[in-house]
Amino acid sequence: MLELAAIVLTVTAVLAWFNERYVHLPATIGVMVIALFLSLVIQGLSSVGIHAPAALTRSWVEALDFDSLLMNGMLSFLLFAGALHVDIKKLRDYWASIGVLAILGTIVSTLLIGFASHWLLGILGVPVALPWCLVFGALISPTDPVAVLGIMRGAGAPDDMEVRIVGESLFNDGVAVVLFTLLLSAAQSGESLAGGYALMLFVEEAGGGVLFGLLLGYGVHALMKRVDQYQVEVLLSLAMVLGGYTLATHLHVSGPIAMVVAGLVVGNHAWTHAMSTQTRQHLNDFWELIDEILNALLFVIIGLELLALPFHWNYLLVAMPLIVLLIAVRLLVVAIPVSLAHRHFRHGSIAVLTWGGLRGGISVALALSLPAGEARDVLLNVTYLIVLFSIVSQGLTIGALVRRVLSTGGKGVRLWL
């Protein structure tokens, strides 16, 4: 395991250097694009009879167990680090729109994508049973702020747009994981999920995650108030993330939601009331570094994951109409609440929130956790292609869209991009 970690970290470091020195793409997108290009080169070598590089790299990628690595390790760190730097006062100003997008939006998106993809896949000649299409709807609905956040900040995105996208992304990850778990259990058992029972389980997981996150956050906050040594406080934050996420799984509450809530508490209350300036700076630097390193690792693994997939080029024909479907559903989910509360949104918000809803690593990880079968092969491949399109196409153009919205005041910006 140590050897594998050394290989992946070394590859990531080299690709990050190459991107910074020659490619000059945003860091996370750059390393993923280069890793994807390497995957295609290795696939090309394999097609002409040079199989050793593909076999070796595939063995590394498969040994990583990406879904377990992300869901049981990296995700807790990424969500906590992301929430740590969110100003809860700004979040409070937009809590209604964030809640609607993160909770109701994710549920509606799951159902719309599930039913529409079932119909569309049947037309395309790769029928997938409705329960598995609903599972697909859950795993592809969460948005990922990682790739787009730095670009939006560089483009000078106003606080309301940035906070809404980040806030929604932090919370809808947890909501989507809960929905995915419920729908996957129903699909595997072959039994329908009763509405009342599903609602009870959802409230138990999501609500329990919020309460557990509050207990964790305020508990660590109380401990931090009684010491003033940054090494100890960094260690406490690490223990909270690792220990808290693990305990959440045993308590059957949402670990992702718990980490977001705990991060908000520590980043706002402990940040201002329990730390000296020196401790605050060290803790901030530590978690920023963790966030950047893990994001780079995550996107390199996504780029290399192509080598481990049961991939066929025919899946491209299946993925393209699904990409259009996802953008249309995202537009619908965003446009309705924004239009109803248009006084609270600046012009151009629909376009930015729609195009800024990138899909990321959590969708790939959830797809990889699906049980073996024909449905898994189809859903895994189209999920991977959708994520690649989303990160590269949307991630590289969202900055230009934000600048256009700001320069025109949102007037003349089309909803369909």
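The values are calculated or read from the model by the stated rules, or taken from the named source; none is laboratory data. Predicted model, so just to flag it, every value in this text is computed and none were measured. Cβ atoms come from the backbone with ideal geometry, glycine included; neighbour counts cover every protein chain shown.
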Original post:
Can you name the residue in region 256-315 that is within 20 Å of residue 241 (Cα to Cα) and outside any helix (DSSP H, G or I) and, of all such residues, is modelled with the highest pLDDT?
Top reply: 275
Subject >> Among (1) assigned to a helix (DSSP H, G or I); (2) under 18 Å from the mean Cα position of the chain (by Cα); (3) modelled with pLDDT under 90; (4) surrounded by 14 or more Cβ atoms within 10 Å (Cβ to Cβ) - the single one residue 68 does not satisfy >> reply: (4)
Original post:
Here are some residues: 380, 415, 406. Which one is at pLDDT 90 or above, on the phi < 0 side of the Ramachandran plot and among the aliphatic types (A, V, I, L, M)?
Top reply: 380
Original post:
What are the residues in region 294-337 that are without any contact (Cβ under 8 Å) to a residue 60 or more places away in the chain and farther than 19 Å from residue 392 by Cα, if any?
Top reply: 314, 336
Original post:
Which of the following residues is touching a Pro at 6+ places or on another chain (Cβ under 8 Å) and either assigned to a helix (DSSP H, G or I) or closer than 30 Å to residue 106 by Cα (or both): 243, 217, 209?
Top reply: 209
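Could you identify the single residue in 30, 73, 49 that is surrounded by fewer than 17 Cβ atoms within 10 Å (Cβ to Cβ), free of Cβ contacts under 8 Å to residues at least 60 places away in the same chain and part of a helix (DSSP H, G or I)?
On the way: 30 fails: surrounded by fewer than 17 Cβ atoms within 10 Å (Cβ to Cβ); 49 fails: part of a helix (DSSP H, G or I).
73 is the lone residue from the list that is surrounded by fewer than 17 Cβ atoms within 10 Å (Cβ to Cβ), free of Cβ contacts under 8 Å to residues at least 60 places away in the same chain and part of a helix (DSSP H, G or I).
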**OP:** Considering only region 105-125, state which residues are aliphatic (A, V, I, L, M), assigned to a helix (DSSP H, G or I) and either crowded, with 24+ Cβ neighbours inside 10 Å or touching a residue at least 60 places away in the same chain (Cβ under 8 Å) (or both).
**Re:** 107, 108, 112, 113, 116, 120, 121
**OP:** Kindly check whether there is at least one residue in region 332-340 that is part of a helix (DSSP H, G or I), surrounded by fewer than 16 Cβ atoms within 10 Å (Cβ to Cβ) and hydroxyl-bearing (Ser, Thr, Tyr).
**Re:** yes
